[in-house]
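Peer 1: Next up is a structure, given as structure tokens.
Each reported figure results from applying straightforward, stated rules to the coordinates on display, with no laboratory input. The shown structure was predicted, so the numbers you read here are calculated from the model rather than taken from an experiment. As a convention, Cβ positions derive from the backbone with ideal geometry for all residues, glycine included, and neighbour counts pool all protein chains shown.
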Ligand code: ZN
């Protein structure tokens, strides 16, 4: 049985037995939070458990590294939609220890692409049309700085409404222990009011 078959076999039983009942909720986050974090497999269940989050408590946005790379990219857009359309009024950026994006080597990734059949011509064409693959595929060297940078991009976003705290945290991938990097409440207090 392949993965898809086993997923469907399980799913039919899941629905049939009404196993979804404990997870029923609304589209609006009960704890009014939106979280940006990493797609790391160790965090799938650990992160919600370690933060006491249940189904329906928070919007969860994931990517490789839990990084916000640009103010008008996909992640920032999702954060703003969560705030304006889905009743989130607090943002948490959560990086994690031992992240696969730490010290990632973009050149190595491109080499792997070539080995797996992507042609040199394709890579060259992308580069000559202005796509900087090295920049696009880069990770980060310093986890704390990466979290701070993502917090900065969201908290300085020109479309972020006033009064929305943006916190930066680091979670341990083994124990779930949290470390505070940026206290969004304190940062709000220090922000000059705009009139
Ligand atoms: Zn990670």
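Peer 1: Just report the Cα centroid separation between region 1-25 and region 65-90, whole Å.
Peer 2: 30 Å
Peer 1: Here's a follow-up. At 7 Å along Cα-to-Cβ for each site, give me the label-to-label distance between residue 70 and residue 135 in nm.
Peer 2: Computed distance between label sites residue 70 and residue 135 equals 0.8 nm.
Peer 1: If you don't mind, another one. Can you sort 121, 96, 167 from fewest to most other Cβ atoms within 10 Å of each residue's own Cβ?
Peer 2: Values: 121 8, 96 27, 167 22.
Lowest to highest Cβ neighbour count: 121, 167, 96.
Peer 1: Fully extended, how many nm does the chain gain between residue 102 and residue 32 (0.36 nm per residue separation, minus their Cα-Cα distance)?
Peer 2: Taking 0.36 nm per residue and subtracting the Cα distance, the gain is 22.2 nm.
Peer 1: How many nm is it between the label spots at residue 156 and residue 122, if each spot is 7 Å from the Cα in line with the beta carbon?
Peer 2: With each label point 7 Å from Cα toward Cβ, the separation is 3.6 nm.
Peer 1: Further question on the same structure: Mind ordering 48-54, 4-10, 29-35 by average Cβ neighbours within 10 Å, highest first? Don't skip to the answer; put the middle values down first.
Peer 2: Values: 48-54: 14.4, 4-10: 10.3, 29-35: 19.9.
Sorting 48-54, 4-10, 29-35 by mean packing, highest first, produces 29-35, 48-54, 4-10.
Peer 1: Let me ask another. By per-residue mean of other Cβ atoms within 10 Å, what is the highest-first order of 122-128, 19-25? Don't skip to the end; give the middle numbers.
Peer 2: Values: 122-128: 12.0, 19-25: 9.7.
Averaged packing, sorted descending, gives the order 122-128, 19-25.
Peer 1: Now, a different point. Of all DSSP beta bridges located in the chain, what percent are antiparallel, nearest 5?
Peer 2: Numbers: 4 of 21 bridges.
Of those bridges, close to 20 percent are antiparallel.
Peer 1: Cβ neighbours within 10 Å, averaged per peptide: list 169-177, 76-84, 111-119, 157-165 in order, most packed at the top. Intermediate values should be presented prior to the final figure.
Peer 2: On the way: 169-177: 16.6, 76-84: 19.0, 111-119: 10.3, 157-165: 13.1.
Per-residue mean Cβ counts within 10 Å order the peptides as 76-84, 169-177, 157-165, 111-119.
Peer 1: Shifting gears a bit: Taking each pair of distinct Cα atoms in the chain once, what is the resulting Kirkwood hydrodynamic radius in Å? It would help to have the intermediate numbers written out before the result.
Peer 2: On the way: mean 1/r = 0.0528 Å⁻¹.
Final number for the Kirkwood radius of the chain is 19.0 Å.
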